[in-house]
Amino acid sequence: MTEWQSVKTRFQGLSTRELLDQAEQARREKGRLLYEMGERHYMKLRSEGHRPEIESVLEQDILIYGALSRINEMEVEAAQKQCASCRTPLEPGAKFCGKCGTSVPRETDETKIACTTCHTPQRPEQGFCTCCGSEMRSRV
Ligand SMILES: [Zn+2]
Ligand SMILES: [Zn+2]
């Protein structure tokens with residue numbers, strides 16, 4: 001624990017600018033510590049299945065995951081418009097290039113299973129959900 005007297009001594013002779021920097025630094029460190037504390041608490045609540053308490057955090061995870069997977073989807077869609085190898089325009093839904101036979105990248109939600117915690121589609125072979133970090137339990 002930081003002693004008040006030692007804090008007073010430490011800040012003697014510092015300028016306003018330096019003191020504001022000290023305060024800002026401590027505020028940032030506090031934020032980091034609170035984040036870590038909250039994350040530990042969140043993991044505990046999640047593993048114990050306290051769904052209502054974690055709902056609002058989980059929602060943010062789903063939004064982050066949703067935005068990033070949309071980027072991924074757009075990249076896949078762009079790749080599906082022309083052959084990666086010979087640049088020939090592809091038919092919509094083509095699995096292979098009609099000219100050179102190169103296979104077209106394909107990934108749809110149908111090949112995935114829903115995470116039991118956040119319900120986002122996940123690859124079945126994964127050990128953990130890439131959205132919320134929950135362990136994937138195979139239900140098949
Ligand atoms: Zn091709
Ligand atoms: Zn999940």
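Calculate what fraction, in whole %, of the accessible area of the chain sits on carbon and sulfur atoms when a 1.4 Å probe is rolled over the protein chains.
Roughly 56 percent, rounded to a whole number.
Taking only DSSP H segments of four or more residues, each worth -39500 (n - 2.57), what value at 222 nm results for the chain once the sum is divided by all its residues, to the nearest 500 deg cm²/dmol?
Calculated from helices alone, the mean residue ellipticity at 222 nm is -18000 deg cm²/dmol.
Project the alpha carbons of region 34-93 onto their principal axes and report the range along each, largest first, in whole Å.
53, 21, 15
Counting only heavy atoms of the protein chains, get the accessible area per residue of region 18-140 (1.4 Å probe) and round it to a whole Å² value.
Per-residue accessible area for region 18-140 comes out at 74 Å².
If the cut-off is a Cα-Cα distance under 21 Å, which lysines reach residue 99, setting aside same-chain residues fewer than 8 apart in sequence?
81
Quote the relative contact order of region 1-99 in percent (integer), defining contacts as alpha-carbon pairs under 8 Å separated by 6+ residues.
About 9 percent, as a whole number.
Scanning the chain for helices, which whole DSSP H stretches are 30 Å or more long along the axis (Cα) and average -0.5 or more by Kyte-Doolittle?
Membrane-span-like by this rule: 51-81.
Calculate the radius of gyration of the Cα atoms of region 1-48 to one decimal place, then report Dmax, the largest Cα-Cα distance, as a whole number, both in Å.
In Å, with Rg to one decimal and Dmax whole: 16.0, 51.
For residue 10 and residue 95 in the same chain, what is the full-extension length gain: residue separation times 0.36 nm, less their Cα-Cα distance, in nm?
Working it through step by step, the gained length comes to 23.8 nm.
Convex hull volume of the Cα atoms in the chain, per residue, in Å³?
About 201 Å³ per residue, rounded to a whole number.
For residue 51 and residue 29, FRET efficiency with R0 = 30 Å and r from the beta-carbon atoms, rounded to 0.05?
0.40
The values are calculated or read from the model by the stated rules, or taken from the named source; none is laboratory data. Everything numeric here is computed off the predicted structure, so don't read it as measured data. So basically every Cβ, Gly included, is an ideal-geometry build from the backbone, and we count neighbours across all protein chains shown. The protein model used for the area step is the full one, side chains on, heavy atoms only, and it has no ligands, DNA or RNA in it. Shrake-Rupley method; radii C 1.70, N 1.55, O 1.52, S 1.80 Å.
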